[in-house]
1. Separation of region A:137-177 and region A:33-55 by C-alpha centroid, Å?
2. Among B:C90, B:C110, rank each residue by its count of other Cβ atoms within 10 Å, from fewest to most, as a rough exposure measure.
3. Could you put A:H104, A:H12 in order, starting from the residue whose Cβ has the fewest other Cβ atoms within 10 Å?
4. At a Cα cut-off below 13 Å, give the aspartates and glutamates reachable from A:K168, other chains included and same-chain residues fewer than 8 away excluded.
5. Any cysteines in chain B with zero other Cys Cβ atoms under 4.7 Å from their Cβ? List them, or say none.
6. Less than 22 Å apart at the alpha-carbon level, and either on another chain or at least 8 residues along: which lysines does that give for B:K48?
7. List B:D121, B:D18, B:D13 from most exposed to least, where exposure is judged by having the fewest other Cβ atoms within 10 Å.
8. Among A:A92, A:A33, A:A122, which one moves the most in a GNM of chain A with springs linking Cα atoms closer than 10 Å?
Amino acid sequence: MHHSHLQIETTHQDRLIAGFAALAISIHLLESALPSPIPGIKPGLANLVTLYVLIRHGWRLAVNVSLLRVLAGSLLLGSFLSPTFSLSLAGAIASLTVLGVAWHIPGKPFGPVGLSILAALAHMTAQIVTAYLLFIPHTALFTLLPLLLTSALISGTLGGILVNRIIKRLDELTQHE
Amino acid sequence: MAGLTLWRNIIADFKLADKAVFLFSVSLIVTSFLYFWQTTPASYAMIKSPQHESLQVSLNKKQTYNIQGTLGISAIEVNQGKIRFVSSPCQNKFCIQHGWQQHHGDLTACLPNRISIQLADLNQTASYDAINF
């Protein structure tokens, strides 16, 4: 009897996406187990993977990794198609859009820190606007915006600094090989 | 000293555009605090009770309203753009302790007596205020 094997051809890019998405999903899951002092304030560590992939492998790969992370992360946490998922997706789309624009500016003026801050602010703004449009159409919601933007600026700056150091360290390591 | 050097290295890695983004964000946040944390006075209040689906009350006119609830009558006082529960037949009197309300978006209620007061300005559209899953 003849067995036919279904085989999907994978490219180097596919494997990079899978690997980084797996890393981002793991961080996403670990982070969801951390208690948050105020709803909406999270360090956003999974987004550091997106930023790293953007800088090292370009915007297209970053989009794939980030969206896969949101999708698979929500399936694993059981929040798929829930409000949490909508907010997560809106944040990811907004930050990817802003990163896409900032990344493709000729001369690449932004370093990891600038990119990270822009992405964090876009992420937070999109989430609160989505929450307002879909779940809590009350203007009092925007009272939280300044506080959430402050937390986004802090986590965005620290995240950018981290990614910058990770990239430098990895560069050193690959040079020594 | 090692910590200081570390920070100096970190700042040295900031590109000009990074610093610009940081400063822009700080000014954006300051603006958002000024804009979103200002309170606007309310122009009217909506009183909801078992008898009134929603009774619209102007806050400019000094007056006391006696509203029939499920337990009895709650007295609600309006004075100089503010509104409060003066008396209510409930047990804990949280509604009275909540005191004067005067800002757009404020909400106060006597739950045992099933009376709520929502303050709004004229452009406010009535809508549900949260969905819980």
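1. Result: 8 Å between the Cα centres.
2. Details: B:C90 20, B:C110 27.
Result, fewest neighbours first: B:C90, B:C110.
3. Details: A:H104 10, A:H12 7.
Taking fewest neighbouring Cβ atoms as first place, the list is A:H12, A:H104.
4. B:D13
5. Within chain B, the cysteines lacking a partner Cβ under 4.7 Å are B:C90.
6. B:K61, B:K62, B:K82, B:K93
7. Working: B:D121 13, B:D18 24, B:D13 16.
Going from sparsest to densest Cβ surroundings: B:D121, B:D13, B:D18.
8. Top of the fluctuation ranking is A:A33.
Taken together, the values in this text are just the output of simple stated rules run on the coordinates, not laboratory data. Worth saying up front: this structure is predicted, and the values here are computed from it rather than measured. Heads up, the Cβs are rebuilt from the backbone with ideal geometry, glycines too, and the neighbour counts pull from every protein chain shown.
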